[in-house]
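Beneath this line is the structure, given in structure tokens, with notes to follow.
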Amino acid sequence: MTAAAEIRIEAPAKINLYLHVVGRRDTGYHDLDSLVMFATEGDTLTVSALPSGDAPVLRIDGPFAGALAAEPPAGNLVVKAALALAAQLGRSPALAITLTKRLPIASGIGGGSADAAACLRALCRLWGRSATDPALFALAAGLGADVPVCLDGRAAYFGGIGDILAPAPILPDCPALLVNPGVPVPTPAVFRNRAPAYTPPARLEGSPADVAALAEALSRRRNDLTDAAISVAPEIATVLGELEKTDDCLLARLSGSGATCFALFPDDAAAAAAARALAAIHPGWWVRPCRLVSHSQAA
């Protein structure tokens, strides 16, 4: 197999439709039950081999590049993913990587995890390796809880600490709106502020016929991290309140540990109208109409 000289791959936002914290391990990590879909909004990664070198060379551009400017490249999850896979395969890590950062930082939609997963997929294409190798998923799990599901790139339930994936039922494409108030929310701070109670797993009983049926099913589930995230970033409560007031909103919820919230709508026109209304009222917010889909563009 002849590898392409340059690989370009999308890193879509990961959306937790619901997220239940079902227990806590002796290690301090929490066991979760969540249903994930992917947005048609995300970052982009471009990877190519360099003729020489002992480490990846990372360049970051895009609207949220500035937020990562002070971070040493070695601390970026993309670089960690590249180094880990190169070591696993016995390959040179001499790589040129460009990350176009369109997703907010520390925003509960798996931006860094999606970028790391996209890097793994890109390198599998570059080096002629299978992206479904179990060893690759084991490596992904070592990088972060959301990396395996982002690597899989399909709607899925995830359990454990993110390392146990199960197929989702057939889900409808969902017209949606993503909104972030511009406040980073570190996940450890949210878990530290979480109430000690746990919630049982609550997987769907079947396949919702349409987005309205999915929203109704999700309304009987929750994101257990919402209250804790609001205690860290009170702006989240404002976002949820504004989304709930938009015309035709079927459901408004926090994704992951925040601060990005999403809302489901009956059609694309309603999502776009809500986006225009919120952007006019809150010009400093990140507001993106999109669709939530069962297969990411990277899958």
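Taking helices (runs of 4 or more DSSP H) that fall entirely within the range 69-145, which contain at least 2 residues that are more than 19 Å from the chain's Cα centre (by Cα) and without any contact (Cβ under 8 Å) to a residue 60 or more places away in the chain?
77-89, 134-143
Restricting to the range 211-225, give me the number of residues that are surrounded by 14 or more Cβ atoms within 10 Å (Cβ to Cβ) and in a loop (DSSP other than H, G, I, E, B).
Residues in the range 211-225 being surrounded by 14 or more Cβ atoms within 10 Å (Cβ to Cβ) and in a loop (DSSP other than H, G, I, E, B): 4 in total.
Taking LEU204 and the conditions (1) surrounded by fewer than 17 Cβ atoms within 10 Å (Cβ to Cβ); (2) in a loop (DSSP other than H, G, I, E, B), which numbered condition does it fall short on, given that it satisfies the others?
(1)
What tally of residues in the range 54-68 results from selecting those that are part of a helix (DSSP H, G or I) and closer than 26 Å to ALA5 by Cα?
As a first pass, look at the range 54-68 and keep what is part of a helix (DSSP H, G or I): 65-68.
Checking the rest, the ones that are also closer than 26 Å to ALA5 by Cα come to 65.
Number satisfying all stated conditions: 1.
Quick grid of which residues meet (1) more than 30 Å from CYS174 (Cβ to Cβ); (2) buried (at least 21 other Cβ atoms within 10 Å of the Cβ); (3) hydroxyl-bearing (Ser, Thr, Tyr):
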residue: VAL36; (1), (2), (3): no, yes, no
residue: THR40; (1), (2), (3): no, no, yes
residue: THR44; (1), (2), (3): no, no, yes
residue: ALA49; (1), (2), (3): yes, no, no
residue: ALA55; (1), (2), (3): yes, no, no
residue: VAL78; (1), (2), (3): no, yes, no
residue: ALA82; (1), (2), (3): yes, yes, no
residue: LEU85; (1), (2), (3): yes, yes, no
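Mind listing whichever residues of the range 50-86 are among the acidic types (Asp, Glu) and farther than 23 Å from PRO104 by Cβ?
ASP54 - this is the single residue of the range 50-86 that is among the acidic types (Asp, Glu) and farther than 23 Å from PRO104 by Cβ.
When you look at ALA106, is it farther than 26 Å from PRO196 by Cα and in the same structural domain as LEU136 (by TED's automatic domain parsing), yes or no?
no
Within the range 271-286, which residues are touching a residue at least 24 places away in the same chain (Cβ under 8 Å) and under 17 Å from GLU41 (Cβ atoms)?
Matches in the range 271-286: ALA271, ALA274, ALA275, LEU278, TRP285, TRP286.
Please verify whether PRO148 is in contact with an Asp or Glu (Cβ under 7 Å, 6 or more places away or on another chain) and surrounded by 21 or more Cβ atoms within 10 Å (Cβ to Cβ), treating the condition exactly as stated.
Values: in contact with an Asp or Glu (Cβ under 7 Å, 6 or more places away or on another chain): yes; surrounded by 21 or more Cβ atoms within 10 Å (Cβ to Cβ): yes.
Considered against the rule, which asks whether it is in contact with an Asp or Glu (Cβ under 7 Å, 6 or more places away or on another chain) and surrounded by 21 or more Cβ atoms within 10 Å (Cβ to Cβ), PRO148 comes out as yes.
With the requirement that a residue be outside any loop (DSSP other than H, G, I, E, B), surrounded by fewer than 20 Cβ atoms within 10 Å (Cβ to Cβ) and more than 22 Å from the chain's Cα centre (by Cα), what does the range 245-277 give you?
First, the residues of the range 245-277 that are outside any loop (DSSP other than H, G, I, E, B): 245, 251-254, 261-264, 268-277.
Next cut, surrounded by fewer than 20 Cβ atoms within 10 Å (Cβ to Cβ) only: 245, 268-269, 272-273, 276-277.
Result: LYS245, ALA269, ALA273, ARG276, ALA277.
I'd like the full set of residues that are crowded, with 24+ Cβ neighbours inside 10 Å, aliphatic (A, V, I, L, M) and in contact with a helix residue (DSSP H, G or I) (Cβ under 8 Å, 6 or more places away or on another chain), limited to the range 100-138.
Residues satisfying the conditions are LEU103, ALA114, ALA116, ALA117, ALA118, LEU120, LEU123.
The values are calculated or read from the model by the stated rules, or taken from the named source; none is laboratory data. Owing to the predicted nature of the structure, the values given are computational and were not obtained by experimental measurement. Every residue, glycine among them, receives a Cβ derived from its backbone with ideal geometry; neighbour counts consider all protein chains shown.
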